Amino acid sequence: LKQAIRIRAAALGTNNRDHAAALNNLAAVLVDMGEHAAALDLGREALGIAVALLGTRHPDYAASLGNLGARHKEAGDYAAAAPL
């Protein structure tokens, strides 16, 4: 996944919805590996892309919020997960 993200970013840039989706996919894998901090960083990056591209009223922004909330839940931080 990391190699795929690098190739896609080089070809298409990092300010697009496909890049954000790839970051979320990698974050899910990192959670499975127990790398919660790295997964949270990627989730935040994907959320930032969604805000920049779509604003805060778009369904994909809501999905990014849900993904970041899931990363917090998986890390055991329920207080941070709930508001998202």
The answer for trypsin sites (Lys or Arg not before Pro) in the stretch 23-84 that fall in a DSSP coil and have at most 13 neighbouring Cβ atoms within 10 Å is ARG57
The orientation-averaged projected area of the Cα convex hull of the stretch 13-84, in nm², is 4.3 nm²
So, relative contact order of the chain in percent, Cα under 8 Å, 6 or more apart, is 24 percent
With +1 on the Cβ of every Lys and Arg and -1 on the Cβ of every Asp and Glu, the dipole magnitude of the chain about its Cα centre, in debye rounded to the nearest 20, is 220 debye
Carbon/sulfur accessible area of the chain, % of total, 1.4 Å probe, equals 55 percent
Of the candidates ALA80, ALA52, LEU42, the farthest towards the positive dipole end of the stretch 31-84 (Lys/Arg Cβ +1, Asp/Glu Cβ -1, centred on the Cα centre) is ALA52
For the chain, the per residue accessible area (1.4 Å probe, Å²) is 58 Å²
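The values are calculated or read from the model by the stated rules, or taken from the named source; none is laboratory data. Fair warning: this is a prediction, and the values are worked out from it, not measured in the lab. In this analysis, Cβ positions are derived from the backbone assuming ideal geometry, glycine residues included, and neighbour counts consider all displayed protein chains. SASA here: full protein model, heavy atoms, side chains in, ligands and nucleic acids out. Shrake-Rupley method; radii C 1.70, N 1.55, O 1.52, S 1.80 Å.
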